[in-house]
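Heads up, the thing below is written out as structure tokens.
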Amino acid sequence: MNSLIKYAGAAMVFVACATASLRAQQVQAALAQDTVGVGQPVQLNISITGGSGVQLPERINVEGLDIRRAGQSEQTQVTMANGQLNAVTSAVYTYLIIPIKAGTFTIPAMSIRVGGKELKTQDLTLTVSGTPGGRLGNVPVRPAIPVPQSQQRQAPGQPQVTAPSRPQTLTEDQLAFGDLVIPRKTVYVGEVVPVEVRFFFGVPGKTLQEKPNFSGDGFTVSSFGEPVRREQEINGRVYQVLVYQTAITPVKAGTLEIPPAELPARLQVATSRRADDMFGGLFGSMGDFRDVPVKTEAATLEVKALPKEGRPPEFAGAIGQFSIEASASPKKAAAGDTISLNVTVAGRGNFDAMGPPVLTESEGWRTYPPGEKFTPSPSDPIGFNGEKAYEYMILAREDRTATPVAEFSYFDPSLEKYVTLKTAPIAVDAKGGAAPPATPPAIAVAASATPSATPSAEPTAEPEQSVLVRNFSPATFRPFVEDPIFLMVNGALAVSWVLLLLFGVGRVISGSKSAREAATRKEARKLLHKMQSAACPPEEFYQLAADFVAARLASHSRDALEAAPLGSETKAAVAAILDTHDEMKYSTAGTFQLPVEDRRRVVAQLKSFDDELR
Amino acid sequence: MMNSAKMMTFPEIQNGLPLPAKKGMSFPAVRSLMLMPLVAFALIASTWLSFGDALSDADAAFVAGDYPAAMRAYESALSAQGPSAGLYYNLAMTQLRQNQPAEAALSLRRAIMLDPRRSDARVALSDLERSQGIAPEPSAWTARWRQILAEKVSLTALTIIGSVLAWVGAFWLLWVVFRKGRKFWPVTIALVLLCVGKAIFIAAYLADPRVSERDAAVVLAGSGVSLLAAPADQSAVVLKVPAGANLYVHRRSGDWSYCETPTGEKGWTSTKSIECVVPTA
């Protein structure tokens, strides 16, 4: 049954390995330390994910550095996700670098062919100080991953690098062992020192707790990240290695005894066949188990106090290597508007304990304690590398054209001196308030929380009288457009405009042809109405009749009468009326008589004429 | 004739002719009318002088550190004279000294509303809000140009200029339309005047904080307020708003007000814990 399981498992791994080649390959190069002393060995790891069996050179040529291949380890990780088996092969190729002289060296990028793909590592910079290196603490200098002596190419005259060497036949206390790697022997109070704790297991077994026990007096320990699991061959025997990364911070000066780190584990000590646990797994052997504490060695560090000489006044506890840069947004600000001044401190060191940069050249500005945000490097599980962003809200009290300058002081343990970095002032266009008030009590409290960090944040004392104003012009909360006078004036203008519009429209209407015709008809009817009056003498009666006809025909011509769309009887009747009018007008016969019946007849004829013309 | 002349009184005779009789306007009445402006002027002058004295006393109390007295004096001046940006600003300074940041925020907002060009009030409010941990209000471009306009020019003058231009354009348009002759350019110019005038008028109207901030209120409760999901004490808390923060009141229901923060969160809070920037009568 076990064989069946074993073969099935092997088949699954084979399939998984076959699919692994389809996965993306990655290559990454990293130095265990960026800054070392002359002669102090440092490890260069080239991690290759998604491929193995890569050909790498035995030596890398960089003048001033001796770089030799020290070993390699490979690992295949099989995971089951969404019912699919995935296998990822990763390999770590280790080089050992021995600095021969001081200076800053660039280790060039390497082109590596992985799975048919040409991948490139990045350039790395190693700073070598004149301080002699050598042994660190009481731990022998060794590469981060111990390598078998058989694989090491030891150069004559180079410091001895020893790997944990174990005999082929393991005694009981050599079934598993630990190694505490501290990269430096002398450190400073408050300095964050990265530490690797490694546990080597030569037999199958499992750990009894997730994180090692590691603490002591005189230093603090950062939390452990997830361990990295590797396989390592030492003297022909394959060890499973758990590597924990953490950092210690000494809190007092003097000799610091660092006790061993301990990881309880259950180890298989006999060789019967049984499947179990993380190290046995599918292919593990079976046997009796024994609980043992796997321990590293103890270590000793020399802890020095930070020097008082040369300490800048703005030093706020930062220890490490840092760079600084700043940006401002927005670049234009009206009175009362703040500008966000973002200052980023990047590098490696005690980000947790450092204070913010100090703003100087801040005359005419009001500044406030900044907000801060730390972003660790993606590859750094302990928060030793990264960048911390500080956001200062600054407010111009007077018109300003440049932001304050951010100053950041830190102690560089490799240079053993204080360094002060400054940003350049950033050009802005900020308008200041006319008479900024004195700081309110609440603001004063907030600013005093970090007096050393932002001394310029404290506003200058202003006379009490100067914060008061003397302009008490009456005002109102009612908008001006709702002011009664404004509304009345606009209302009157609106009414006038409407009236003028109506007047204009009226004029346009009255000037039209139909309007003229209507006016003519109206006028003609008035004449007709006058004719009906009994008091109207005959001469006037016929004159009115002639006028009526002329008005209705819009002409005094007889031709117009002939051309008018009238019946012959009507034309004849109207012609007779016009003849009578002419006779009365031009005759000298004397007074004419006009009986009432004739008047009515003439009026009736004219009405008929009027009706026919419509 | 002599008898009748003897019977006439002095005011009715001028050069021997009787004057026409005046209706309801005797000499004492005229004299009273002439005196009225003088009395009014004297009253106004005395009021202003006493007002000036009261303010001098308030300033003296402020400088002497007697902030309660200064605060009372500024408040009584506001009651007597009516709203004034300067008075609200001085009151805010006094309230800050009295460690009343929420009340000071309210006074500063009132000062800015009455006179948006008071940059000193804006600076003080900005300081105050940061000291209270109140996040700066997000400034949309519309709010931004409104603020710029309000800070740079007198909105009253802008409103009048816009109105005048618009009316000139409107009347010119009317005249041009109904007159005979070529019309294209006169009509175009009239329309441009009308549109530009209206645009200026509308911009000034919208930029006026008395319009745009009409519903603004300030949290006065010392510990801030909670915006609740419903107008009930046991409702879920949507957001905590610190004292002195700005809110916009959408509606009221009994003792509850439905408010919105400048960042858009909405919820109910007790009406008693907030006060509108525009004072209620």
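Among (1) more than 27 Å from B:Arg118 (Cα to Cα); (2) more than 9 Å from chain A (Cβ to nearest Cβ); (3) crowded, with 20+ Cβ neighbours inside 10 Å, where does B:Ala170 come up short?
Of everything listed in (1) more than 27 Å from B:Arg118 (Cα to Cα); (2) more than 9 Å from chain A (Cβ to nearest Cβ); (3) crowded, with 20+ Cβ neighbours inside 10 Å, B:Ala170 misses just condition (2).
With the requirement that a residue be surrounded by fewer than 18 Cβ atoms within 10 Å (Cβ to Cβ) and assigned to a strand (DSSP E or B), what does the range A:322-341 give you?
Scanning the range A:322-341 gives A:Ser323, A:Glu325, A:Ser327, A:Ser329, A:Lys332, A:Ser340.
Could you check how many residues of the range A:290-321 are surrounded by fewer than 17 Cβ atoms within 10 Å (Cβ to Cβ), within 30 Å of A:Thr338 (Cα to Cα) and modelled with pLDDT of 85 or more?
The qualifying residues number 2.
Which one is surrounded by the fewest Cβ atoms within 10 Å (Cβ to Cβ), of the residues in the range A:253-289 that are modelled with pLDDT of 85 or more and farther than 22 Å from A:Leu242 by Cα?
A:Thr255
Give the range A:368-388 a look and list any residue that's among the acidic types (Asp, Glu) and either closer than 28 Å to A:Thr403 by Cβ or in a strand (DSSP E or B) (or both), or say none.
Those that are among the acidic types (Asp, Glu) and either closer than 28 Å to A:Thr403 by Cβ or in a strand (DSSP E or B) (or both): A:Glu372, A:Glu387.
If I filter the range B:105-128 for residues that are touching a helix residue (DSSP H, G or I) at 6+ places or on another chain (Cβ under 9 Å), among the polar types (S, T, N, Q), outside any helix (DSSP H, G or I) and more than 30 Å from A:Gly504 (Cα to Cα), do I get at least one hit?
no
Within the range B:119-167, work out how many residues are within 7 Å of chain A (Cβ to nearest Cβ), farther than 24 Å from A:Asp399 by Cβ and not aromatic (Phe, Trp, Tyr).
Of the residues in the range B:119-167, 4 are within 7 Å of chain A (Cβ to nearest Cβ), farther than 24 Å from A:Asp399 by Cβ and not aromatic (Phe, Trp, Tyr).
Take A:Phe486 and tell me if it is at pLDDT 80 or above, facing another protein chain (nearest Cβ under 7 Å) and surrounded by 15 or more Cβ atoms within 10 Å (Cβ to Cβ).
The answer is no for A:Phe486.
Which numbered condition trips up A:Lys431, out of (1) modelled with pLDDT under 85; (2) charged (D, E, K, R); (3) touching a strand residue (DSSP E or B) at 6+ places or on another chain (Cβ under 6 Å)?
(3)
Please go through the range B:97-107 and pick out each residue that is facing another protein chain (nearest Cβ under 9 Å) and more than 15 Å from B:Gly222 (Cβ to Cβ).
B:Arg97
Checking A:Ser514 against (1) more than 21 Å from A:Ala575 (Cα to Cα); (2) away from chain B (no Cβ under 14 Å); (3) in contact with a helix residue (DSSP H, G or I) (Cβ under 8 Å, 6 or more places away or on another chain); (4) assigned to a helix (DSSP H, G or I), which single condition isn't satisfied?
(3)
With the condition kept exactly as written, say whether any residue in the range B:236-251 is over 27 Å from the mean Cα position of the chain (by Cα) and of a type in the set (Ser, Thr, Tyr).
Checked against the condition, which is being over 27 Å from the mean Cα position of the chain (by Cα) and of a type in the set (Ser, Thr, Tyr), the range B:236-251 yields no hits at all.
For the range B:173-219, enumerate the residues that are part of a helix (DSSP H, G or I), in contact (Cβ under 8 Å) with a residue 40 or more places away in the chain and surrounded by 16 or more Cβ atoms within 10 Å (Cβ to Cβ).
B:Ile200, B:Phe201, B:Ala203, B:Ala204, B:Tyr205, B:Ala207, B:Pro209, B:Arg210, B:Ser212
Would you check if A:Ala551 is more than 60 Å from the chain's Cα centre (by Cα), of a type in the set (Gly, Ala, Ser) and within 16 Å of A:Asp610 (Cα to Cα)?
Against the criterion (more than 60 Å from the chain's Cα centre (by Cα), of a type in the set (Gly, Ala, Ser) and within 16 Å of A:Asp610 (Cα to Cα)), A:Ala551 qualifies.
Surrounded by 22 or more Cβ atoms within 10 Å (Cβ to Cβ), modelled with pLDDT under 90, of a type outside the set (Ser, Thr, Tyr) and over 21 Å from A:Lys332 (Cβ atoms): which single residue out of B:Leu108, B:Leu128, B:Leu91, B:Leu114 fits that description?
B:Leu128
Are any residues in the range A:539-581 touching a residue at least 24 places away in the same chain (Cβ under 8 Å) and among the acidic types (Asp, Glu), and if so, which ones?
Residue satisfying the conditions is A:Glu539 alone.
What number goes with the only condition from (1) free of Cβ contacts under 8 Å to residues at least 60 places away in the same chain; (2) surrounded by 24 or more Cβ atoms within 10 Å (Cβ to Cβ); (3) not charged (D, E, K, R) that B:Tyr67 does not pass?
The number of the failed condition is (2).
Against the condition closer than 25 Å to B:Met113 by Cβ and of a type in the set (A, V, I, L, M, F, W, C), how does B:Ala217 come out, does it pass?
yes
Tell me, please, whether a residue that is within 14 Å of chain B (Cβ to nearest Cβ) and part of a loop (DSSP other than H, G, I, E, B) can be found in the range A:500-510.
no
Identify all residues within the range A:212-236 that are part of a loop (DSSP other than H, G, I, E, B) and among the acidic types (Asp, Glu); write none if there are none.
A:Asp217, A:Glu226
Of the residues that make up the range A:5-23, is at least one at positive phi and either at pLDDT below 55 or loosely packed, with under 13 Cβ neighbours inside 10 Å (or both)?
No, the range A:5-23 contains no residue that is at positive phi and either at pLDDT below 55 or loosely packed, with under 13 Cβ neighbours inside 10 Å (or both).
Which residues, taken from the range B:220-271, are among the hydrophobic types (A, V, I, L, M, F, W, C) and either assigned to a loop (DSSP other than H, G, I, E, B) or in contact with a Pro (Cβ under 7 Å, 6 or more places away or on another chain) (or both)?
Residues satisfying the conditions are B:Leu220, B:Ala221, B:Ala229, B:Ala230, B:Ala232, B:Ala236, B:Ala243, B:Ala245, B:Trp256, B:Trp268.
The values are calculated or read from the model by the stated rules, or taken from the named source; none is laboratory data. Quick caveat, the model's predicted, so the values are computed rather than measured. Reconstructed Cβ throughout: ideal geometry from the backbone, glycine too, with neighbour counts over all protein chains shown.
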